[in-house]
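Presented below is the structure to which this report refers.
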Amino acid sequence: MLRVGIVQMRSTDDLAANLAAAEAQVNEAASAGASWIALPENFAYLRREGTPFPCAQGLDGEILGTAASWAKRHHVWLLAGTFPEAASDGRVYNTSVLISPEGVQAAVYRKIHLFDVDLREQGGDPYQESATIAPGSEPVVADAPFGRIGLSVCYDLRFPELYRGYAREGARFLTVPAAFARETGKDHWEVLLRARAIENQCFVLAPAQWGAHGPDRSSYGRAMIIDPWGLVLAQAADRPCVLVADCDLEAQDRMRAALPCQSHRRLF
């Protein structure tokens, strides 16, 4: 068994307040026995749409340094959901970092698919992530003692080929830290997460942002932990909270042996 914890937050553009809230939730998950804890997208800073990132920084900056201190204090694996990593063209990368219990950066993933959409017909707003965020270019599979981890972020969830590639590389877990839009989340969030779990026979950890972050930005929430059969092991209520669940790796192995769909794939 591997006990995992995921965090649901309501971050704002107050860096210090966000870090304090995240620290309290990491402490709560660690106290509940989680040995791997995952934070959501934009956990340290969630800006108002269209505004700059005053806290953009490198991999050696305050945000990851603080997150590494939490991992070391509790001796846990920690997914630092995403933070704004300064890019060379004036934009930022939306970067997810896996940190070891020693505080070492074990993997760095930069969000590949950017949310350039118009949700006005659904009662929402237009979004143009590519105006301020640079796309990553490389899928990332991380190695941990409990299994391989395929990293992704939010809108990546709509591109199943990314996760199929992770399954081919032996991933046991898929991470999807998110700040999913309310308009799409209510109909698509759970469906897509469970589909990615079922088709790849992986545990899915989906920490999330929830609620209003300011006058013009809000997120759907409903953070989830899902097992390889597609069953929801834990789901967040509509508030900031911590979820903990036990992942049975031996049951995952038995299920994969009984239903070996990965080996049945045919390419056309």
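Worth pointing out:
- Report summary: the helix-based calculation at 222 nm, which adds -39500 (n - 2.57) for every DSSP H run with n ≥ 4 and divides by the residues of the chain, gives -8000 deg cm²/dmol.
- Here the extension length gained between residue 161 and residue 266 equals 36.4 nm, from 0.36 nm per residue of separation less the Cα-Cα distance.
- Extension gain, residue 122 to residue 216, is 32.3 nm, computed as 0.36 nm per intervening residue step minus the present C-alpha separation.
- Nitroxide proxy distance, nm - points 7 Å out along Cα→Cβ at residue 69 and residue 51: 2.5 nm
- Residue-span extension gain [residue 28 to residue 59] - 0.36 nm each, minus C-alpha spacing: 8.6 nm
- For the chain: relative contact order, % (alpha-carbon pairs under 8 angstrom, 6 or more apart): 21 percent
- Counting neighbouring Cβ atoms within 10 Å and putting the fewest first, the residues 255, 224, 1, 9 line up as 1, 255, 224, 9.
- Environment charge of residue 160, counting only residues whose C-beta is closer than 14 Å and scoring Lys/Arg +1, Asp/Glu -1: +3
- Loop exposure criterion: GluC sites (Glu not before Pro), DSSP state outside H, G, I, E and B, at most 12 other Cβ atoms within 10 Å. Applied to the chain, the longest stretch between such sites is 1-101.
- Axial C-alpha extent at least 20 Å, average Kyte-Doolittle at least 0.0 - helices from the chain (DSSP): 15-31
Laboratory data are not the source of any read-out in this text; all were calculated from the coordinates shown. These numbers were taken from a predicted model, which means no experiment stands behind them. Glycine also receives a Cβ, built like all others from the backbone with ideal geometry; neighbour counts cover every protein chain displayed.
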